[in-house]
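Where a number appears in this text, it was derived from the coordinates with a stated rule and is not lab data. Model, not experiment: these values are computed from the prediction. Here Cβ is always computed from backbone atoms with ideal geometry, including for glycine, and neighbour counts include all displayed protein chains.
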Ligand code: HEM
C-alpha cells in the first residue's frame, strides 16, 4: 500500500516537474523567444491573452501600444511574435518569402485554394502567375477593355448617381458613400474579370447591392473561430456543436453561387469569341487569362497545380475570381470612403485638386445632356498622365497610410531551422505578424502620425528627399514581397479615376460621419458602417 502511494507520488511529482518545465520554465527562461519583451505578462505561458484581444477586436491598438512601449519586436504568445520595423524585420519576413499558415484557409472558396489562400511558395507562384500580368501597371494603363469599361461605369453609372444626389430635392439628405464606393469598386473589378454585360451593376441596382453587402459583412465575426481556434472548432463540430452558425454557410453558398454564375457566363463568352478587338468592353480579361493559364499548366508534363486542375477547372477559376472581387471591392471601397471624408473637410484642398484634374486632356467633365442614348461617351484622359498627378497621388497615399483598409496583422510562419529577426534568433514554426496599423504610425517617420496630412507625400514640402524616401519605405498598405497585393495597380487606377471624375464635377460636404473611426480588425471599415456626404455641382 505504501509502495503504491510512493509510486503515485513519484509519478505526480514527475508530471508536475515536467509540466513546470514545459509550460513555465522553458517558455519563460529557456526558449529563444524568452529574450523578446512580452506584450503581456502571460504571453510566454498561454495564448489566452492574445486570443481575448482578438476576440474583443482590439488587436491593432493593443499591439501598436506594445511596440511603442517595448520596441520593434514583441512576444504575443508562447509561439507568436509581432514585428514593428522594416529593416531586419518586415523585409526579412515578407521579402524573404516566409510562408502563410492555416490562418488563411478561411479565404478558400468552394473548398478550393486561391492565390491568396495558397500556403506553399511554389503552388502560390504558379497560381499567381496565371493572372498577375493582367494586373500590371502597363497592362492596365494600355488595356482597351479597362478604358471602355471605366468610361461606361463612370459616365453612365457613377456620375449620374452623384448628379441625382445633388439635385435640389435630394441634396440636403446626402448619400451613403461607403455603399456607393463599394459598388463602384465591385462594378469595376467584375467588369475587368467578366466583361461588362456579365458583371455586377451595384451602383444602379441598389436593392441587390444592399442584400449582397449584408451577406458579405454579416459573416465576418465568425472567421475568428476558424482562424484562431481551428482545433477547437473542428473538435466541437464532431459532437454537433457549431461555433459558426449554419446561416453563415448558407450566406457563403449564396455568394459562391452568385460569383460562379458570372464566371460561367464569362467563360462561355470567352470560348465563343476569338478576339474582342471590336468590342473591348465585353472582354473578360482576367477569366480569359486564367483559362489560358490553366491550359498551359495542363499541357505541362508535371504541373504543381495538376491536382487542382483535375479536380475542377471551373471551380479553380471561380475561387480566384471570387477572392479577387471580394478583396478588391472592400479595400478600395473603404479607401475611397476615407479619401472623400478627408477631402470633404477641406474645400481649399478640393479646389486645388480640381485645378490639377482640369489639366487632364480631356478632363473628366460631365453633363447629363451630353449623355444621350446612342451618342458616344466622353473620352477618358491618358491613364498614365492621370497616374502621375502629384496631388491626387498624395491624397490617396495619405489615406492609405492613416486609414489602411487592411491595417491588421498578416501572419507568416518562420522557416526551419531558424532565422534572425531584428537581432533575435527565432526558431522555425513561430507565427510572426506585422500590420500597417503599427508601421504607419511610427512617429519618427510620420510626425504626428494620427494627423491626415497629404503634404507628407509632396516633394518640396520643406522636408528632405531622404525623409520622403523613408516614408515610402515604411508605406505598407499593400504588403510587400512575393505575397504583396495582386491588385494594387488596379486599385490605384480605379480609385484615381473615381476621385478624378467626382472632384472634376462636384464638391463634397459632410452630412453625417458618426462612427467614422475604423473597426479594429484585419480589414477596417468605419464602425458606423456608413458615411453620408452631400455633393454639389461645381
Ligand atoms: C485599396 C485597395 C487594396 C488594398 C489596401 C489591398 C491590400 C492588400 C494586402 C495588405 C494584402 C496582403 C495581405 C496579407 O498578406 O495578409 C493583399 C493581398 C492580396 N490582394 Fe489586395 N488590396 C487592395 C486591392 C485589391 C484588389 C483590387 C485586388 C484584386 C485583384 C486584390 C487582390 C489581392 C490578392 C489576390 C492578394 C493575395 C496576393 C498573394 O497572396 O500573393 N487586392 N492586398
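Structure above, values below:
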quantity: Between 0 and 90°, nearest 10: helix 347-357 axis offset from the chain longest Cα axis; calculated: 70 degrees
quantity: Exposure proxy ranking, count of Cβ atoms within 10 Å, fewest first, for 372, 118, 188; calculated: 372, 118, 188
quantity: Cα centroid separation - the range 474-538 against the range 87-158, whole Å; calculated: 19 Å
quantity: Cα-based helix-to-principal-axis angle, 144-153 vs the chain, degrees rounded to 10; calculated: 80 degrees
quantity: Relative exposure of 325, 51, judged by other C-beta atoms within 10 Å (fewest first); calculated: 51, 325
quantity: Neighbour-count order for 444, 257, fewest beta carbons within 10 angstrom listed first; calculated: 444, 257
quantity: Spacing of the two label points (7 Å from each Cα toward its C-beta) at residue 21 and residue 137, in nm; calculated: 5.7 nm
quantity: Computed over the chain: relative contact order in percent, which uses C-alpha pairs under 8 Å that are six or more apart; calculated: 22 percent
quantity: Shape box of the range 241-300 [Cα atoms, principal axes, largest first, Å]; calculated: 53, 32, 14
quantity: With Cα atoms, 0 to 90° folded angle of helix 285-299 axis to the chain main axis; calculated: 50 degrees
quantity: Stokes-Einstein D for the chain, Kirkwood Rh over Cα pairs, 20 °C, 1.002 mPa s (µm²/s); calculated: 85 µm²/s
quantity: Cα pair distances of the range 95-240 binned at 5 Å [whole percent]; calculated: 2, 8, 11, 14, 14, 15, 13, 10, 6, 4, 2, 0, 0
quantity: Translational diffusion coefficient (Stokes-Einstein; Kirkwood radius from C-alpha pairs) of the range 349-447 at 37 °C, 0.692 mPa s, in µm²/s; calculated: 181 µm²/s
